[in-house]
Amino acid sequence: MARITASVFTSHVPAIGAAMDLGKTHEPYWQPLFKGYEFSKQWLKENPPDVIFLVFNDHATAFSLDMIPTFAIGTADDYAVADEGWGPRPVPRVKGHAPLAAHIAQSVIQQDFDLTIVNKMDVDHGLTVPLSLMCGEKDPVQDAWPCPVIPFAVNVVQYPVPSGQRCLNLGKAIRKAVESYDEDLKVQIWGTGGMSHQLQGPRAGLINQAWDNAFLDQMIADPAALARKPHIDYVREAGSEGIELVMWLIARGAMADVAEPAGPAPTVRHRFYHVPASNTAVGHLILENA
Ligand code: DHB
Ligand code: FE
């Protein structure tokens with residue numbers, strides 16, 4: 001049986017990818033940020049998953065504003081790195097896990113979640129920057145990411161976006177789907193985006209450290225309460241793009257302690273917070289299931 005071994009949460013700021021691609025990680029501006037992921041890279045090497053289920057948002061890259069699925073699961077064998085205007089990032093293509101993805105689609109749709117099936121998709125910084133942060137620099141041709149990735153795209157770009165409660169419940173459904181897959185696979189689920197940031201309008205540059213840290217506390221200790229937080233709180237307190245954080249609840253919902261019957265609380269392996277990276281507050285957690 002496949003199982004969820006851990007969840008990883010991280011921001012996906014595009015400038016972080018650019019800093020890695022352009023060899024700027026040791027510059028004074030970036031050094032403290034990358035230091036916060038040293039533990040994580042080592043942890044991932046020591047706890048290698050067979051598959052990463054990566055929850056992210058597409059930034060009008062693969063899905064234009066012509067068509068916006070609320071939840072979209074990647075069922076392909078492989079995904080190209082998107083060109084977001086400066087050419088594709090020089091990182092490896094992303095290998096998928098079509099059989100597990102198809103199984104999760106089958107199970108989660110039968111649990112009454114409407115997923116869009118995506119057989120072809122270019123993946124943008126929302127997916128590749130978390131991979132870079134956790135796996136380190138990779139040559140686009142010589143190297144590969146450490147394991148297959150199932151991309152799971154959530155609409156947080158155009159309202160209405162899904163509620164925190166729906167995201168938490170979806171995570172629970174994903175957990176059930178993974179646990180009904182008949183092969184011994186260690187699956188990590190990653191929730192990405194956030195933390196506080198606003199990229200446009202009079203409040204551009206907004207960062208709210210107190211709110212972000214309270215969010216991290218609650219993400220660890222009381223996800224059920226966090227799931228009740230309305231969208232307006234995210235937007236008012238964490239900025240218009242702070243709403244990306246609602247995706248973290250999908251990964252959190254797949255952990256043992258919120259399952260029925262409930263398992264033990266996760267172990268917090270790592271917590272990191274840094275301000276700023278570009279316009280954004282960077283938050284990062286690693287939670288392990290017992
Ligand atoms: C920035 C952050 C994001 O999450 C994003 O998608 C684009 C830009 C930024 O801080 O610059
Ligand atoms: Fe974003």
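FYI, it's all coordinate maths here, none of it is from the lab. Source: prediction; values computed, not measured. Neighbour counts run over all protein chains shown; Cβ positions are idealised from the backbone, glycine included.
For region 1-96, rounded, prolate or oblate, judged on the Cα gyration tensor with a ≥ b ≥ c (square roots of eigenvalues), a/c < 1.5 rounded, else prolate if a/b > b/c? Oblate is the answer for region 1-96, as a/c is 1.5 or above yet b/c matches or exceeds a/b. Taken over the chain, lysine pairs spaced eight or more positions apart, or on distinct chains, with alpha carbons under 22 Å apart number 17.
Each label point was placed 7 Å from the Cα along the Cα-to-Cβ direction; for Q158 and A224 their separation is 3.6 nm. Rounded to whole Å, the principal axis extents of the Cα atoms in region 44-127 read 41, 40, 18, largest first. Working note: Karplus 6.51/-1.76/1.60 with θ = phi - 60° gives region 102-119 the couplings 5, 5, 5, 4, 4, 5, 6, 5, 5, 8, 6, 9, 8, 9, 8, 8, 10, 9 Hz, where Gly and Pro are set to x. Provide the net charge surrounding P99, with neighbours chosen by a C-beta distance below 11 Å and charges set as Lys +1, Arg +1, Asp -1, Glu -1. Residues close to P99 contribute a combined charge of -3. Between N119 and N47, the simple spin-label model (points 7 angstrom out along Cα→Cβ) gives 3.7 nm. Loop-located trypsin sites (Lys or Arg not before Pro) across region 180-244 with a Cβ neighbour count of 15 or fewer within 10 Å are R203, R228, with loop assigned by DSSP.
Seen through its C-alpha gyration tensor, with square-root eigenvalues sorted a ≥ b ≥ c, region 129-211 comes out oblate because a/c lies at 1.5 or above while a/b is not bigger than b/c.
Remark: spin-label model distance A204-V235 equals 1.9 nm, labels positioned 7 Å along the Cα→Cβ axis. Within the shell of other residues whose beta carbon sits under 14 angstrom from the beta carbon of I16, the net charge comes to -1, with Lys and Arg scored +1 and Asp and Glu -1.
Over the chain, DSSP H runs of length four or greater, each weighted -39,500 (n - 2.57), average out per residue to a 222 nm ellipticity of -9000 deg cm²/dmol. How would region 59-213 be classified by its alpha-carbon gyration tensor: rounded, prolate or oblate, with rounded meaning a/c under 1.5 and the a/b versus b/c comparison settling the rest? In terms of gyration-tensor shape, oblate.
Principal semi-axes of the equivalent ellipsoid, √(5λ) from the alpha carbon gyration tensor of the chain, are 25, 22, 20 Å from largest down.
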